[in-house]
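The values are calculated or read from the model by the stated rules, or taken from the named source; none is laboratory data. Small disclaimer: the values here were computed from a predicted structure and weren't measured. All Cβ positions, glycine included, derive from the backbone under ideal geometry; neighbour counts span all protein chains shown. The area values use the complete protein model at the heavy-atom level, side chains included, leaving out ligands, DNA and RNA. Shrake-Rupley method; radii C 1.70, N 1.55, O 1.52, S 1.80 Å.
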Amino acid sequence: MRTQAEDSTDASLEPKQAIQTPRHGGDLAYATNRFGQPRDGWQDLSTGISPWPYPLPALPPQYWHHLPTDNRDLLAAAARYYGIAAQFITPLPGSQVAIAQLPELFQPAVVAVPALGYSEHHIQWCRVGHKVRLYSTLDECEHWILTGQVNHVVVINPNNPSGESVPAQRLQNWAEWLSGALVVDEAFTDCDTLHTMVPFVTSQTNVWVLRSLGKFFGLAGARLGFLIGAQPEKIQRALDPWAVSGPALWAGAQALQDSQWQDAQRLRIKHNSERLYTLLRQTLPGAITLHNGGLFVTLCTTDAQAKVILRALYEHLAKAGIFTRWGYESDDALPAWLRLGLPADDGARLQLALECFI
């Protein structure tokens with residue numbers, strides 16, 4: 001395989017020079033400012049949000065007019081969907097609220113956070129004075145727990161962007177050994193709930209689980225998430241009155257109770273993620289590893305030349321109107337990664353762009 005990067009002498013492709021990308025995916029204003037407006041518009045693969053959102057019916061107008069004081073329908077639907085009593089579920093205006101508020105519930109301590117993962121966890125624990133230790137492997141984190149070097153642990157399961165999953169049994173052990181909290185971010189768990197920690201929050205009261213309607217259900221704009229834990233009053237005291245909007249309460253109830261659509265969505269995501277994985281594997285060199293996270297596939301490498309190829313691919317796709325999520329800090333010891341969400345067109349536009357890259 002011969003790529004544009006191998007033929008290029010452009011110093012801007014050196015891996016030591018990091019691209020200053022947005023903190024989060026989905027910033028098409030940034031993409032347009034950097035790469036220009038594509039002739040056919042952007043295909044945004046940068047977020048990991050399902051391109052097939054739940055098809056909401058017309059919103060009854062009273063949900064715009066009345067204060068959102070009644071969340072009983074939402075809680076009933078959430079309890080059935082998550083398989084736990086409603087008393088343990090707290091609706092939130094996005095799981096980001098829990099990421100920001102949970103660190104404030106604890107006195108400053110030492111918290112283990114994944115080195116590769118959603119950066120807001122690191123930011124929010126640091127913001128309120130906790131000392132953050134970044135773990136690169138699960139074994140490293142477990143060693144810190146067993147030796148008492150950390151009080152709290154954050155796990156993203158499956159991890160975004162690595163796609164790595166942690167078995168529920170291992171997380172149960174961690175919860176038993178920890179002196180503090182185990183926070184499990186399950187934003188991408190709906191595709192496969194095998195390792196969810198939701199069933200264990202009633203018996204392991206230091207476990208807090210974050211869930212969201214943004215990814216699997218494709219309803220990121222509704223800003224609706226849940227914190228599931230045995231002591232919900234701790235977070236509820238920090239919430240504003242009417243924290244979740246009426247339209248979000250209604251939309252969540254519709255989506256969570258539609259099991260037929262959920263089953264079809266899981267099959268559709270599985271088919272398309274496998275197709276995306278195969279398409280990328282056939283195109284890229286072996287030095288680049290691929291991780292299937294269900295709603296995304298992440299390309300990752302520590303090889304210097306492969307890092308150059310990945311960066312060239314990111315820019316090539318952007319110039320073809322396909323915006324992806326680039327992640328590389330300029331430290332040579334860290335891996336470079338490129339995350340692609342699922343395309344809604346069965347990968348047709350991406351395949352054409354990849355053929356031009358080879």
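Observations on the structure shown:
- Test: residue in the range 112-134 that is at pLDDT 95 or above, open to solvent by 40 Å² or more (accessible area, probe 1.4 Å), under 26 Å from Trp174 (Cα atoms) and among the small types (Gly, Ala, Ser): yes
- Only helices (runs of 4 or more DSSP H) whose full extent lies in the range 211-330 are considered here, and the ones with at least 2 residues that are open to solvent by less than 20 Å² (accessible area, probe 1.4 Å) and in contact (Cβ under 8 Å) with a residue 60 or more places away in the chain are 246-256, 259-283, 304-319.
- Restricting Thr9, Thr32, Thr21, Thr3 to residues that are over 20 Å from Leu342 (Cα atoms), hydroxyl-bearing (Ser, Thr, Tyr), at pLDDT below 70 and within 29 Å of the chain's Cα centre (by Cα) narrows the list to Thr21.
- Within the option set Leu74, Leu59, being touching a strand residue (DSSP E or B) at 6+ places or on another chain (Cβ under 8 Å), open to solvent by less than 60 Å² (accessible area, probe 1.4 Å) and over 30 Å from Leu317 (Cβ atoms) holds for one residue only, Leu74.
- Residue that is farthest from the chain's Cα centre (by Cα), among those in the range 46-64 that are in contact (Cβ under 8 Å) with a residue 12 or more places away in the chain, part of a loop (DSSP other than H, G, I, E, B) and more than 28 Å from Gly327 (Cβ to Cβ): Pro60
- All positions within the range 109-150 that are among the aliphatic types (A, V, I, L, M) and in a helix (DSSP H, G or I): Ile123, Leu138, Ile145, Leu146
- For Thr202, the criteria (1) under 30 Å from Leu59 (Cβ atoms); (2) of a type in the set (Val, Ile, Thr); (3) touching a Phe, Trp or Tyr at 6+ places or on another chain (Cβ under 7 Å); (4) part of a loop (DSSP other than H, G, I, E, B) hold in every case but one, which is (1).
- Matching residues, the range 195-210, being over 23 Å from Thr47 (Cα atoms) and touching a residue at least 12 places away in the same chain (Cβ under 8 Å): Met197, Val198, Pro199, Phe200, Val201, Thr202, Gln204, Thr205, Asn206, Val207, Trp208
- For the range 32-56, a tally of residues being surrounded by 11 or more Cβ atoms within 10 Å (Cβ to Cβ) and closer than 26 Å to Gly293 by Cα returns 14.
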